[in-house]
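Engineer: The structure that follows is given in the form of structure tokens.
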Amino acid sequence: MSEIIKPQQGIVFMKVGVHAREDLESIIARKTKEIEEAGFALWGYGGGTCHPVTMVQPFAKQHADKGEKIFLCMQEMKSNHFADPIRAEEYSIDRVEWKPVPKDIHVLGSRYALAIKALHREEFVLPLNKTKVAVGNSQGRPGNQYIGGRVDKACFQLTDNIMVPPEPSDTVIQINLVAELCDPYAVFLRN
């Protein structure tokens, strides 16, 4: 069992696949190189369920203040994200002060990005019924009632009973890819 699966662990869950016309294997190779060269990478995404300021930053800061790691746990899916592969030129943690995206980092076709390090393949099962939404209007809602339809990402807290084996009828998902979030955790992007 993964060392990530432990009571009260904070994770950002996200479904991943083709993005801005680039297949997942190419994205992984590029992000791995960016981490090697820049010390971190920006993993682009869209949608409002993991908003940088109202969701990810406060969630990550709460765990970081306790000396805890926050993991991005990703489930591969089939996708056809046809956004133009336009590189973001600037990033911001607050939409007020903007900085240039480092030259070694290429984040394409996204509104937001997670700051990550230590990207690697790791296979394990995440029982969604033993997670709860950690922040926002749905705080406390079980993960298996939250993820579905157009909701494909979330800030989750693993529950105290995470070590109890899931029953066969429980909603479980296969995690295929993991990264550790790093400061500034989540940012806004612009061209």
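Engineer: Among the numbered conditions (1) over 18 Å from LYS15 (Cβ atoms); (2) modelled with pLDDT of 95 or more, tell me where ILE162 comes up short.
Structural biologist: (2)
Engineer: Can I ask one more? Do we have any residue at all in segment 162-177 that's within 22 Å of GLU36 (Cα to Cα) and open to solvent by less than 70 Å² (accessible area, probe 1.4 Å)?
Structural biologist: yes
Engineer: Further question on the same structure: Of all residues being at pLDDT below 95 and among the hydrophobic types (A, V, I, L, M, F, W, C) in segment 63-98, which is surrounded by the fewest Cβ atoms within 10 Å (Cβ to Cβ)? Just the residue, please.
Structural biologist: Across segment 63-98, the extreme among qualifying residues is PHE82.
Engineer: For residues that are farther than 30 Å from GLU25 by Cα and of a type outside the set (Ser, Thr, Tyr), scanning just segment 135-144, find the one that is surrounded by the most Cβ atoms within 10 Å (Cβ to Cβ).
Structural biologist: In the first step, residues of segment 135-144 are kept if they are farther than 30 Å from GLU25 by Cα; the result is 135-142.
After this cut, where a residue has to be of a type outside the set (Ser, Thr, Tyr) as well, the list is 135-137, 139-142.
Numbers: VAL135: 21, GLY136: 18, ASN137: 7, GLN139: 11, GLY140: 8, ARG141: 14, PRO142: 17.
Among residues in segment 135-144 that are farther than 30 Å from GLU25 by Cα and of a type outside the set (Ser, Thr, Tyr), the one surrounded by the most Cβ atoms within 10 Å (Cβ to Cβ) is VAL135.
Engineer: Give me the residue from segment 99-133 that is touching a residue at least 24 places away in the same chain (Cβ under 8 Å), open to solvent by 60 Å² or more (accessible area, probe 1.4 Å) and farther than 18 Å from THR49 by Cα and, out of that set, nearest to the chain's Cα centre (by Cα).
Structural biologist: Ranking the candidates gives LYS117 first.
Engineer: Among the residues of segment 58-92, what is the count of those that are over 16 Å from VAL12 (Cβ atoms) and touching a Phe, Trp or Tyr at 6+ places or on another chain (Cβ under 8 Å)?
Structural biologist: Matching residues across segment 58-92 total 3.
Engineer: Within the set of pairs 6+ apart or on separate chains, which have a first residue in segment 61-90 that is under 21 Å from TYR185 (Cα atoms), a second that is of a type in the set (Gly, Ala, Ser) and outside any strand (DSSP E or B), and C-beta atoms under 9 Å apart?
Structural biologist: Here the result reads GLN62/ALA134; ILE70/ALA60; ILE70/ALA64; CYS73/SER2; ARG87/GLY109; ALA88/GLY109; ALA88/SER110, each pair linking segment 61-90 to a residue that is of a type in the set (Gly, Ala, Ser) and outside any strand (DSSP E or B).
Engineer: In segment 48-61, what count of residues is obtained for those that are polar (S, T, N, Q) and surrounded by fewer than 16 Cβ atoms within 10 Å (Cβ to Cβ)?
Structural biologist: Matching residues across segment 48-61 total 1.
Engineer: OK, next. Residues that are under 15 Å from the mean Cα position of the chain (by Cα): which strands (runs of 3 or more DSSP E) entirely in segment 13-92 hold 2 or more of them?
Structural biologist: 41-45, 70-76
Engineer: Separate question: Condition first: over 14 Å from PHE13 (Cβ atoms), modelled with pLDDT of 95 or more and surrounded by fewer than 20 Cβ atoms within 10 Å (Cβ to Cβ). Can you find one or more residues in segment 145-153 that meet it?
Structural biologist: No: segment 145-153 contains no residue that is over 14 Å from PHE13 (Cβ atoms), modelled with pLDDT of 95 or more and surrounded by fewer than 20 Cβ atoms within 10 Å (Cβ to Cβ).
The values are calculated or read from the model by the stated rules, or taken from the named source; none is laboratory data. Predicted model, so just to flag it, every value in this text is computed and none were measured. Don't worry about glycine lacking a Cβ; one is built from the backbone with ideal geometry, like all the others, and counts go over all protein chains shown. Only protein heavy atoms, including side chains, enter the accessible area calculation; ligands, DNA and RNA are left aside. Shrake-Rupley method; radii C 1.70, N 1.55, O 1.52, S 1.80 Å.
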